[in-house]
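Down below is the structure, laid out as structure tokens.
The values are calculated or read from the model by the stated rules, or taken from the named source; none is laboratory data. The structure displayed is predicted, hence computed values, not measured ones. Glycine gets a Cβ as well: all are built from the backbone with ideal geometry, and neighbour counts include every protein chain shown.
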Amino acid sequence: MSFARRLLPPLVSGLLFGAGLTVSGMTDPQRVRGFLDVFGDWDPTLAFVMGGAVIVMAVAWTIQSRMRTPMFGAKFSLPDRKDLDGRLIAGSVLFGIGWGIAGLCPGPAIAALALSPISVLPFIGAMLAGMLLQKITMERKVIRP
Amino acid sequence: MLPGFPDAQPVAGLVGGVLIGLAAALMLLGAGRIAGVSGILARGTGIARGDMAMTSAWGFIVGLPLGALAIRSGFDWEPATFASWPVLIVAGLLVGFGTRMGSGCTSGHGVCGVSRLSQRSIVATASFMAAGIATVFVLSLVGD
């Protein structure tokens, strides 16, 4: 039972997430780049995707505020930072540049493994390398006495 | 469908967006976590530490392509066009480095954080949207 509780909610969440990305055309980099092309041939589809997702999640957050524990877990494990820092902005800008170049962000890239594996594999490999590089170069060193 | 935007797919976009919202809601209310793809990917691959069980991280990761497959199977569909490998590699490095440095991507900040009215996520989302728009604009000037 414990294994099923750990596996099933995230698995079903991933299934719904991948289905939603595909239905909305977000696994197509041209459609994503079309949204970012506001000075050219703008395609507003992504705004509808974000809008639909944010409305549902806004309801979910109000439900969450009345719950003590999640339905299938022992406790909520949520980000609690409130400070703005340079890393948040610089990191997001770097991500945005990569997003604009290829029209891919992490979710659609992983979902597209089922649709266009040869095309997204180099992106995913480089993305994991970039994550590792960030960890190696920027993560605080633990100083042992 | 949408006046002035013949290529836009507002209905498909909204339906897909609601599915993504339900996915994130299930992760929040069911598992008590943020459905942030970059963070869960880093956790699943061991790049980031965290208290999310590997079983949970990999369940979510494997679900993404299975969900895409479920939508596409049984229908005729045209494969999307992707950039060349060298371009994809440069973009992938930036996306990987940037999402870890900025603590999230379109799903964690853009969907989960913005809907929570998190100040950090709103700033992050505005930053990556602006950078994406600027990048596409600059690339269109140099002929893409």
* Collect the residues in region B:1-39 that are under 15 Å from the mean Cα position of the chain (by Cα), more than 7 Å from every other protein chain (Cβ to nearest Cβ) and assigned to a helix (DSSP H, G or I), keeping them in residue-number order. => B:GLY39
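Which one of A:PHE3, A:PHE17 is facing chain B (nearest Cβ under 7 Å), among the aromatic types (Phe, Trp, Tyr), part of a helix (DSSP H, G or I) and surrounded by fewer than 17 Cβ atoms within 10 Å (Cβ to Cβ)?
Of A:PHE3, A:PHE17, the one residue that is facing chain B (nearest Cβ under 7 Å), among the aromatic types (Phe, Trp, Tyr), part of a helix (DSSP H, G or I) and surrounded by fewer than 17 Cβ atoms within 10 Å (Cβ to Cβ) is A:PHE3.
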* What about A:ILE55, is it closer than 27 Å to B:GLY32 by Cα and outside any loop (DSSP other than H, G, I, E, B)? -> yes
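Before we move on, is A:VAL38 of a type outside the set (Phe, Trp, Tyr), crowded, with 24+ Cβ neighbours inside 10 Å, over 23 Å from B:ALA31 (Cβ atoms) and out of contact with any Ser or Thr (no Cβ under 8 Å at 6 or more places or on another chain)? Before you say what the answer is, go through the steps one by one.
Numbers: of a type outside the set (Phe, Trp, Tyr): yes; crowded, with 24+ Cβ neighbours inside 10 Å: no; over 23 Å from B:ALA31 (Cβ atoms): yes; out of contact with any Ser or Thr (no Cβ under 8 Å at 6 or more places or on another chain): yes.
No: the conditions fail for A:VAL38.
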* Asked: Name the residues in region B:93-124 that are closer than 13 Å to B:ILE34 by Cβ, of a type in the set (D, E, K, R) and in a helix (DSSP H, G or I), would you?
  -> B:ARG120
* Structure fact -> Per the list (1) free of Cβ contacts under 8 Å to residues at least 40 places away in the same chain; (2) within 7 Å of chain A (Cβ to nearest Cβ); (3) surrounded by 18 or more Cβ atoms within 10 Å (Cβ to Cβ), residue check on B:ALA70 breaks on (3)
* Structure fact -> Counting only residues in region A:112-140 that are under 22 Å from A:THR22 (Cβ atoms) and among the polar types (S, T, N, Q), the one farthest from the other protein chains (Cβ to nearest Cβ) is identified as A:SER116
* Are any residues in region A:86-95 over 12 Å from B:PHE97 (Cβ atoms) and within 7 Å of chain B (Cβ to nearest Cβ), and if so, which ones? -> A:LEU88, A:ILE89
* Asked: buried (at least 24 other Cβ atoms within 10 Å of the Cβ), more than 7 Å from chain B (Cβ to nearest Cβ) and under 24 Å from B:ALA42 (Cβ atoms) - does that describe any residue in region A:98-106?
  -> yes
* To do: Test A:VAL32 against the stated conditions and say whether it is buried (at least 24 other Cβ atoms within 10 Å of the Cβ), more than 7 Å from chain B (Cβ to nearest Cβ), in contact (Cβ under 8 Å) with a residue 24 or more places away in the chain and in a helix (DSSP H, G or I).
  => yes
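Can A:SER92 be described as modelled with pLDDT of 95 or more and either part of a loop (DSSP other than H, G, I, E, B) or aromatic (Phe, Trp, Tyr) (or both)?
no
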* Can you name every residue in region B:35-56 that is among the aliphatic types (A, V, I, L, M), surrounded by 24 or more Cβ atoms within 10 Å (Cβ to Cβ) and out of contact with any Phe, Trp or Tyr (no Cβ under 7 Å at 6 or more places or on another chain)? -> B:VAL37, B:LEU41, B:ALA42
* Structure fact -> Exactly one of A:ALA53, A:ALA58, A:ALA109, A:ALA74 is more than 7 Å from every other protein chain (Cβ to nearest Cβ) and under 16 Å from B:GLY108 (Cα atoms), and that one is A:ALA109
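Given the structure, is A:ARG81 assigned to a loop (DSSP other than H, G, I, E, B) and more than 7 Å from chain B (Cβ to nearest Cβ)?
Values: assigned to a loop (DSSP other than H, G, I, E, B): yes; more than 7 Å from chain B (Cβ to nearest Cβ): no.
When the stated conditions are applied, A:ARG81 does not pass them.
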